[in-house]
1. Remind me, relative contact order of region 40-159 in percent, using alpha carbon pairs under 8 angstrom and six or more residues apart?
2. Please identify every one of the GluC sites (Glu not before Pro) in region 1-75 that sits in a loop by DSSP and has no more than 14 other beta carbons within 10 Å of its own beta carbon.
3. Be a star and scan region 62-87 for residues whose amide nitrogen sits under 11 Å from the point 7 Å along the Cα-to-Cβ vector of V179.
4. Among 90-101, 111-122, how do they line up by average Cβ neighbours within 10 Å per residue, starting with the highest?
5. Kirkwood hydrodynamic radius, region 112-240, all distinct C-alpha pairs: what's the number in Å?
6. Using unit Cβ charges (K, R positive; D, E negative) and no other charged atoms, how large, in debye to the nearest 20, is the dipole of region 77-204 about its Cα centre?
7. Name the aspartates and glutamates eligible as straight-distance cross-link partners of K233: C-alpha to C-alpha under 20 Å, and not fewer than 8 places from it in the same chain.
8. Sorted by average packing, counted as other Cβ atoms within 10 angstrom per residue and highest first, what order do 75-81, 205-211 take?
Amino acid sequence: MAFSIPRDDLVRMDGLDVPEAKIKEAYGRTKARTETELQNEGVTDPHELETRGREAGRDATIRTVRRLTGVPIDRFAEISLFGFYDVAKSLGGVEVCLNHAVSDSYSGAHFKAGRQTLNAKQSLAFVRQRHGLDNGDLDRTHRQQAFMLSVLNGLRDAGTFTSLDKVNGLVDVAQRNVVLSSGWNLVDWIQEMGTVEGQRITFTTLPVVRYSTFDGQDVNIVDPAAIRQRVQKAFGVKATPAAPSTRSAATADPTVSDSTAPETNSTTDALTTAATADAPQPDSGSPVSSSAGVPCVN
């Protein structure tokens, strides 16, 4: 079981210049703040600034996800978007399936409906597209889930996990695109991927209550208590109840609390969101699973 968190979910930010922001901003805002602080302390080496900024951004992302879901995070793997290109190139193409034909000039995604094998350039467009999709970024999330499952199938069919030479070749690809948490090396990571590739894998996108705008940006309003309950149950983690809501039902846009407590529905008068009247209803879609081979997505 794996969960995807939509990048536009509005959550509480701790220790930053804003109290709330999209969950994806935990990384970028923390990285920028850390680099500024280091420069103020006299650090001028660009490599050190970049390295320490990235490390701080990763730590902030992990804390934010842990607070939202209520589950511990023992390890992380950071994969660059270009990694999709490199993996597809190393496999000689990745098979995907689309429910509908698409044509998008922004990402370069021009694909027919049905099953098809994409080259490296097409694969990058496939996982990047969000314009022209009914559910925008949520549909893009499903694309990326399906792509990863297809990659695992491709690696399995190629005998990668049982061949030392092929594992070493995959390590070469991973070194350019993957950052792992301390104490977890690439060979161990690839071998662990090999232990799950034969099992049924299901990706579930965490639900969005509705779309809204916040600080001039489109955001996803979520229910933190429902998210915690769902994720904790799936991973067998003892439930951590959220504090009682202090917001009335008429103004209830779920937000979050401090850095140690679970997210709640509390807020401050300074934080307001505006519902988008003509916005479509969010659709997190059905889970994307490997049980039926190549999963078809929008």
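1. Details: 111 pairs, mean separation 24.0, N = 120.
Worked out over region 40-159, it gives 20 percent.
2. Working: sites: E20, E25, E35, E37, E41, E48, E50, E55; in loops: E41.
Those that pass, being in a loop and sparsely packed, are E41.
3. In region 62-87, the label zone of V179 (backbone N under 11 Å from the point 7 Å along Cα→Cβ) covers 77-80.
4. Working: 90-101: 17.0, 111-122: 15.0.
Top to bottom by mean Cβ count within 10 Å: 90-101, 111-122.
5. Numbers: mean 1/r = 0.0561 Å⁻¹.
Answer for region 112-240: a Kirkwood hydrodynamic radius of 17.8 Å.
6. Values: 12 positive and 13 negative charges, 72 e Å.
The calculation lands at about 340 debye.
7. D74, D223, E263
8. Values: 75-81: 13.7, 205-211: 18.7.
So the order, starting with the most tightly packed, is 205-211, 75-81.
Every number in this text was worked out from the coordinates using simple rules, so none of it is lab data. Computed from a predicted model, the values in this text were never measured in an experiment. Glycine gets a Cβ as well: all are built from the backbone with ideal geometry, and neighbour counts include every protein chain shown.
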